[in-house]
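Below is one structure, written out as structure tokens; the observations come after it.
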Amino acid sequence: MGRIVHFEIHVSDMERAKKFYGEVFGWTFEDWSEYAGMPYFGAVTGDANEPGINGALMQRHGAAPENGQALNGYACTMGVEDYDTTEAKIVQNGGKVALPKYALPGMAWQGYYIDPEGNTFGIHQPDENAK
């Protein structure tokens, strides 16, 4: 099976991206630039004993996505415990709402955002009472 084992978020401003993902989701970063031959920071997204994967922030090799451009790639969705608190952190740290919070009835709250680098991502809070 071809299971996803790693992700990369392309960024123009590495320090700004590290600050955003660190402040909003609590990620920590390890400098793997020497191995990659470019600015490349491994993203530790949580406890290794919990479901999920780690990834990296890598230096973008071209122009950032333009405002209103269709998604060209994959959108990662992060599981969160408190949707509204996480949304507030996203906005306070320079992110923007792309698709507002909506219910996946009987399952969860979902929504999509744009990080300060122009990348789209989602957040997902499980909630059986969502409607």
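Scanning segment 76-124 for residues that are of a type in the set (D, E, K, R) and in a strand (DSSP E or B) returns K96, K101.
Against the test of being of a type in the set (F, W, Y) and within 15 Å of F7 (Cα to Cα), the options Y113, Y74 yield a single qualifying residue, Y74. Scan segment 19-38 for residues that are farther than 20 Å from E81 by Cα and free of Cβ contacts under 8 Å to residues at least 12 places away in the same chain and the total you get is 5. The residues in segment 1-25 that are under 11 Å from the mean Cα position of the chain (by Cα), surrounded by fewer than 17 Cβ atoms within 10 Å (Cβ to Cβ) and not acidic (D, E) can be counted, and the count is 2.
The numbers here are math on the coordinates, done by the rules we state, and not lab data. The model shown is predicted, which means the values in this text are computed figures rather than measured ones. Cβ atoms come from the backbone with ideal geometry, glycine included; neighbour counts cover every protein chain shown.
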